[in-house]
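K.L.:
This is the structure, below, for whatever I ask next.
The values are calculated or read from the model by the stated rules, or taken from the named source; none is laboratory data. The shown structure was predicted, so the numbers you read here are calculated from the model rather than taken from an experiment. Don't worry about glycine lacking a Cβ; one is built from the backbone with ideal geometry, like all the others, and counts go over all protein chains shown.
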Amino acid sequence: MHDTSAHAHAAQHSAPTSFIRKHVFSLDHKVIGKQYYGLALVAVFVGMVLSWLMRIHLGWTNFAIPGLHLLTKNGAPGDMMTPEFYLQLMTMHATIMVFFVLTTAPFAAFGNYFLPIQVGAEDMPFPHFNMMSFWVTFTAFLVLMASFFVGDGPTLGGWTQYAPLSAVGQVGGPGEGSGVVLWALAIAIFCVGQLLGSLNFITTTLDMRTRGMSLWRLPLSAWSWFITSCMGLTAFAVLMPACILLILDHVAGTSFFVPANTVINDQLQPHSGGSTLLWQHLFWFFGHPEVYIAIVPGMGIVSHVLITNMRKPMLSHRVLIYAMGALAVLSYMVYGHHMFVSGMNPISSLAFSFPTLIITIPATIVVLIWLGSLYGAKLRINSASLFALGFISMFISGGISGFFLAQPSTDIMLHATYFVVGHFHLVMGVAAMFGIFAGTYFWFPKMYGRMMDEKLGKIHFWFSFVGAYAIFMPFHYLGLAGNVRRYQAFAPEYMQHLIPLHKFITIAALVTGAAQLVFLYNLFISRFKGEPAPDNPWQATSLEWSTPTTPPPHNNFGDKLPVVYHDPYQYGVESSTGDYVMQTSPEKASADDEA
Amino acid sequence: MAKLFAITIFVIAIVSAIPILRHTWWMPEDISTHGAPIDEQMSETMAEAGISFLASQLILGFFIWKFSNPRPGDKIKSFPGGAKAMVWAAILLVGTEVLALGVFGVKAWANVYFTPPSPNSMPVQVQAGQFAFYFRYPGADGKFGPTHVDMISEANQNFYGIDIDHDSDSKDDIVTAEMAVPVNHQIHLLMHSKDVGHSFFVPELRIHQDFVPGMDLSVHFTATKVGRYEIVCTQLCGLGHYNMKAYLSVLSQEDFDAWLKKEAALQ
């Protein structure tokens, strides 16, 4: 048993009274969690609209999108998208989605709100750092958005910002001057926010657990946030200096990423001694763990949601945790599979290929544990469980296409094609989004004290599930046929036979995107007019459902911190409450229960 | 609703697999001597991935169908083998199969990257720059002249920075905007970028290699079928990236000799 009372006091702060301290510069992890969620919500709709514009352009290249010129100074004369504006939209879409949605919502938003409650703490140990982490992240978002309005717009170099294009400055093309500097600045600032957040998450998990809450008694969601914060601490600590070096190449005359003898527009560039592959190594050392930073919280959330809706624990709590941990460790050893044809030594490609293939094993264990646990369940179908099951389907589909990209020989044909785009959208984008949706439908009642509309939730699910497959499965076919990504048009005759497939994808994207408005409507209508939620609407066991009020009070548990008696998922038992025993109940749950 | 969901998963899984099985959208025909093991590797990976995909989606759908909407009094059951069975299945079925694939795939990779170019191969330089490829043939002396970065000038059509007046090796060099190669003759492609990152991708040739500024890289290949193929850039290189391409003509030896002669006359 872990005595955390001394640490728990360190986090105490009295309930704020002013509007600013309550809702804006709040120290309360719950408010900060909701702020992160709000930021992710704004970001995801901005990112989605950008993707709509790109998709319309790819399907109907000569179509003038009404009002497009309002978004850009020079990028859309007569509302026709220029090649550079397409690339700028693409870069911003990816950057916004990867950083401000996929990292922010499942990890920072839900983790902030529920990690302290699930461990039985009053707050995080460093509330000021926590407040700062959100406001730093928010600032990063503003800096990134500012690039739309500064100079000749945002950078067009893609979210990977490969050097030397990203490092040579304005001469590289529109947005490659101030646009890149603002991008790198925004990401460096974002890293600071994530580092502060990760420190808080790790300390909360290790030092703030209440009496009886051993590490193994933590719910899988809490474990996933803990594992993710360990990854975040190391991955963002590499990306931040990489971004600083990139900024220095722009503003300080350094040449970290530009070699000698670079000639652009017939001008010999004033650089020497830099390495273009250095950027790729630094970026992907962050970039591949980032994939798992986006998806591991989803695994935890989906497991947590599914267990409650299956009314039985997973086949093995510990095996799932070990598998998620293995994914985290291996995620640092596989990053070079992004660089098989980069000019890196071909033996290095093989060295990165095998860990990439080995990472299939923990990922398969996770999937098989989910499938095996479904066997013999008493499965409830609701919006939360549908999205959780949808997550599994998407994770399988997106994960399996990784078989091809893990091997250098098959990657020769698929590298930089739509196959890669389909792969990462399914496994990292859609699956992670489904994790966010599952978490939202599941936890909304606790966060806002009202139930979400189930009918709207199911409509949202059906369009999202079928729509996501309709969009992203054909991406794989495009890639197999050799369709290269990051092309704004197929000129003059390149890939013309694939245009009908592109049109189909565009229509699917517009319909699926429109269905997300149903979710937005549901969020707002339920927030104000939803059915009042009971304290434990899903008959769940973990500590967030034991708070004295819903939403929880300022210090989460009132006057007294909870005491934990059980492993987190005592379902399928006979007890005085029904088929479950809460972690805080001293009632013995089963013969092998340690209570 | 659970049954509808299960059926939806079945339908999506099967419909997704049909274009793959029918090769509706598939890799273009291979025209290289080294491509067969790559294609074989792709097919084997597709078979394994396809089986894993269909099996896992169908099991997911089946379990959703079977174990939802429980009746009152239904008891939960545990999977007979428990977690241990799952771990072993993951290691033995998926892990070893995927690793075996990886081991076999090494051969296909080695075929491209671990074999030295033949002494009889024909050297051709390719220089990538925003947003065009230029090719250089060494001419009758078999030697490429030195390049001078300060002399590179698009305006003067001196794409390589060659000094014909002072470098004797450069005098007969032939610079072209289109690439032509003789069929069934190994080409040693010497790659260089003058500005940012680019890539050289010819799907039919099963060749895909980035240009790395500051590094001179090379690949070698033998084209086996006469025809005209697109060379596309796959590394985002700026606003004209989508339009950065060149054509590769694979010609009979006689046609190639004639083409080279014609190009030499244009220098």
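K.L.:
Having 1 or more residues that are under 30 Å from B:Gly145 (Cα atoms) and either touching a strand residue (DSSP E or B) at 6+ places or on another chain (Cβ under 8 Å) or more than 7 Å from chain A (Cβ to nearest Cβ) (or both) is the bar; report the helices (runs of 4 or more DSSP H) wholly within region B:27-131 that clear it.
P.N.:
The helices (runs of 4 or more DSSP H) meeting that bar are B:96-113.
K.L.:
Tally the residues that are without any contact (Cβ under 8 Å) to a residue 60 or more places away in the chain and either within 12 Å of the chain's Cα centre (by Cα) or crowded, with 16+ Cβ neighbours inside 10 Å (or both), restricting the search to region B:27-44.
P.N.:
Result for region B:27-44: 1.
K.L.:
Looking only at region B:212-252, count how many residues are of a type in the set (S, T, N, Q), within 12 Å of chain A (Cβ to nearest Cβ) and either over 28 Å from A:Gln488 (Cα atoms) or not in a loop (DSSP other than H, G, I, E, B) (or both).
P.N.:
Result for region B:212-252: 2.
K.L.:
Inside region A:320-343, can you point out the residues that are at the interface with chain B (Cβ under 9 Å from one of its Cβ atoms) and either over 21 Å from the mean Cα position of the chain (by Cα) or of a type in the set (Gly, Ala, Ser) (or both)?
P.N.:
Answer for region A:320-343, where residues must be at the interface with chain B (Cβ under 9 Å from one of its Cβ atoms) and either over 21 Å from the mean Cα position of the chain (by Cα) or of a type in the set (Gly, Ala, Ser) (or both): A:Ala323, A:Met339, A:Phe340, A:Val341, A:Ser342, A:Gly343.
K.L.:
Something else about it: Looking only at region B:139-151, decide whether some residue is at pLDDT 90 or above and within 7 Å of another protein chain (Cβ to nearest Cβ).
P.N.:
The answer is yes, given that some residue of region B:139-151 is at pLDDT 90 or above and within 7 Å of another protein chain (Cβ to nearest Cβ).
K.L.:
Just one of (1) buried (at least 21 other Cβ atoms within 10 Å of the Cβ); (2) of a type in the set (S, T, N, Q); (3) at pLDDT 95 or above; (4) not assigned by TED's automatic domain parsing to the domain that holds A:Met582 trips up A:Ser542, so point out which.
P.N.:
Condition (4) is where A:Ser542 drops out.
K.L.:
A further question follows. Pick from A:Gly467, A:Gly457: which is within 14 Å of another protein chain (Cβ to nearest Cβ), at pLDDT 95 or above, in contact with a Phe, Trp or Tyr (Cβ under 6 Å, 6 or more places away or on another chain) and in a helix (DSSP H, G or I)?
P.N.:
A:Gly457
K.L.:
Out of curiosity, is A:Leu357 within 7 Å of another protein chain (Cβ to nearest Cβ), in contact with a helix residue (DSSP H, G or I) (Cβ under 7 Å, 6 or more places away or on another chain) and at pLDDT below 95?
P.N.:
For A:Leu357, the condition - within 7 Å of another protein chain (Cβ to nearest Cβ), in contact with a helix residue (DSSP H, G or I) (Cβ under 7 Å, 6 or more places away or on another chain) and at pLDDT below 95 - is met.
K.L.:
Looking at region A:31-38, can you tell me whether even one residue there is within 14 Å of chain B (Cβ to nearest Cβ) and not in a loop (DSSP other than H, G, I, E, B)?
P.N.:
no
K.L.:
Same structure, new question: Would you please list the contacts, defined by Cβ atoms under 8 Å and residues six or more apart or on different chains, that run from a residue in region B:203-232 that is without any contact (Cβ under 8 Å) to a residue 12 or more places away in the chain to a residue that is of a type in the set (A, V, I, L, M, F, W, C)?
P.N.:
The qualifying pairs are B:Gly214/A:Ala260; B:Met215/A:Leu277.
K.L.:
Could you please let me know if A:Leu268 is within 21 Å of A:Thr95 (Cα to Cα) and either out of contact with any strand residue (DSSP E or B) (no Cβ under 6 Å at 6 or more places or on another chain) or in the same structural domain as A:Tyr335 (by TED's automatic domain parsing) (or both)?
P.N.:
So A:Leu268 fails the test.
K.L.:
May I ask you to list pairs of residues, at least six apart or on different chains, whose Cβ atoms are under 6 Å apart, with the first in region B:104-133 being over 19 Å from B:His192 (Cα atoms) and the second being of a type in the set (Gly, Ala, Ser) and at pLDDT 90 or above?
P.N.:
B:Gly105/A:Ser409; B:Ala108/A:Ser409; B:Trp109/A:Ser409
K.L.:
Which numbered condition trips up A:Phe403, out of (1) over 22 Å from B:Leu54 (Cβ atoms); (2) modelled with pLDDT under 95?
P.N.:
The failed condition is (1).
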